[in-house]
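For reference, the structure discussed in these notes is given below.
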Amino acid sequence: MAADSETGDLVKEVMSNSNGSLPIAKTLSKEELWRIEHEKLHAKHKGHEAMHMEMVLILFSTLVVAQILLVKWKKHYYKSFQAVTLVGMWWIPLYFNIKLKFWRMLSAWVLFSVLTGFIVFKSTRKPLTPTTPRLVYKWFLLIHKATYALGIVGYMVVCLTMLGINLMFAIKPDTAMEFGVTVLFYGLYFGVLGRDFAEICADNIASKLGYSSKDGLPSRSLEINICAVCGQELVLQQDDDDDGPEKNYKLSCGHLFHEFCIRGWCIVGKKQTCPYCKEKVDLKRMFHNPWERPHVLFGQLLDWIRYLVVWQPIIIVVVQIIIYVLGLE
């Protein structure tokens with residue numbers, strides 16, 4: 001009992017030396033410590049196979065029910081679903097960072113929150129300054145590209161580590177894998193947060209400009225030389241003239257926008273409709289360059305990651321409560 005209660009980092013094993021005179025102490029490696037703990041765990045749960053099967057069934061049943069409820073909630077009450085999800089995405093990782101003392105992640109979280117908070121503050125001011133829409137879309141487009149790059153780098157490091165490439169540079173597998181997973185998580189997590197805040201800012205800006213409305217018809221009529229996303233004047237060009245200060249893009253509905261604005265509206269703001277008339281945007285036609293389409297796929301991946309970061313921990317907690325109430329261990 002005394003040996004089992006010891007929690008020190010160094011575990012000593014008494015053994016005899018070669019001539020059998022005096023016992024010597026041997027420090028066990030991490031692998032040996034893990035093997036001992038694994039054997040204890042197996043011994044503790046031996047003969048509880050039926051109980052474990054019940055726990056697995058409870059887990060899968062809860063996952064299925066939770067998925068159905070989340071889909072229904074998102075479909076019928078999207079605003080509340082988005083608000084709760086954003087709060088969870090923002091604060092749940094903060095709790096674990098403080099608890100586990102992940103100071104690097106905490107520093108990145110604070111920096112992102114301060115800068116993004118300033119951008120959100122600018123987008124909610126009345127009256128809206130002319131430079132605010134461009135500032136908002138530039139910031140969130142930068143976040144999108146940066147997190148996209150981090151995600152690619154982290155994924156490549158993980159794959160190369162699994163292939164053993166790290167050994168060519170004398171890097172330990174644990175170190176390389178930890179770096180890859182950390183960078184990948186940074187890219188996915190801040191990418192999700194950036195898209196959620198960008199959607200909120202895009203809605204605020206569009207409603208303040210008056211060219212777009214969440215509930216019905218816009219309050220202002222769109223002139224032919226005005227971009228409904230940023231509210232700034234368009235420099236109308238001839239069909240074959242691409243030498244203007246900024247390219248314009250015409251949607252299938254006939255409305256014209258700055259190319260930068262409409263790309264930010266669709267990729268960053270998660271909008272797939274015309275900002276003015278709400279006609280669906282053909283993303284395949286807009287992003288004819290194959291190198292640009294991965295940005296759209298990355299955005300769809302981030303929407304799926306949101307479920308894992310926010311709702312998966314909550315579901316696990318619910319499963320643990322059910323298991324505790326039923327007296328399972």
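The values are calculated or read from the model by the stated rules, or taken from the named source; none is laboratory data. Remember, it's a predicted structure, so these values are computed and weren't measured experimentally. Here the Cβ is made from the backbone with ideal geometry for all residues, glycine too, and neighbour counts use every protein chain on show. Only protein heavy atoms, including side chains, enter the accessible area calculation; ligands, DNA and RNA are left aside. Shrake-Rupley method; radii C 1.70, N 1.55, O 1.52, S 1.80 Å.
Things to note:
- Among the criteria (1) at pLDDT below 80; (2) surrounded by fewer than 16 Cβ atoms within 10 Å (Cβ to Cβ); (3) over 30 Å from L57 (Cβ atoms), the one K250 does not fulfil is (1).
- Considering residues of region 68-82 that are aromatic (F, W, Y) and open to solvent by 80 Å² or more (accessible area, probe 1.4 Å) only, the residue farthest from D196 (Cα to Cα): Y77
- Pairs, first farther than 14 Å from G187 by Cα in region 147-163, second aliphatic (A, V, I, L, M) and at pLDDT 90 or above, C-beta under 6 Å, six or more apart: T161/A176; T161/M177
- Some residue of region 35-42 being modelled with pLDDT of 75 or more, out of contact with any Asp or Glu (no Cβ under 7 Å at 6 or more places or on another chain) and open to solvent by less than 70 Å² (accessible area, probe 1.4 Å): yes
- Some residue of region 172-182 being of a type in the set (A, V, I, L, M), in contact with a helix residue (DSSP H, G or I) (Cβ under 8 Å, 6 or more places away or on another chain) and in contact (Cβ under 8 Å) with a residue 60 or more places away in the chain: no
- Flag for L326 being modelled with pLDDT of 75 or more and open to solvent by 50 Å² or more (accessible area, probe 1.4 Å): yes
- Candidate set from region 104-125 (those that are surrounded by fewer than 16 Cβ atoms within 10 Å (Cβ to Cβ) and among the charged types (D, E, K, R)); member that is nearest to L188 (Cα to Cα): R104
- From the options L142, L128, residue that is open to solvent by 60 Å² or more (accessible area, probe 1.4 Å) and closer than 23 Å to F260 by Cβ: L142
- Criterion: at pLDDT 85 or above, open to solvent by 30 Å² or more (accessible area, probe 1.4 Å) and of a type in the set (V, I, T) - qualifying residue of V158, V56, V64: V64
- Checked against the criteria, K99 counts as more than 30 Å from C230 (Cβ to Cβ), part of a helix (DSSP H, G or I) and open to solvent by 90 Å² or more (accessible area, probe 1.4 Å).
- Test result for T116, modelled with pLDDT of 90 or more and polar (S, T, N, Q): yes
- Checking each residue in region 206-232 for being outside any loop (DSSP other than H, G, I, E, B) and either modelled with pLDDT of 80 or more or among the aromatic types (F, W, Y) (or both) picks out only I226.
- Residue in region 298-320 that is outside any helix (DSSP H, G or I), modelled with pLDDT under 65 and in contact with a helix residue (DSSP H, G or I) (Cβ under 8 Å, 6 or more places away or on another chain) present: no
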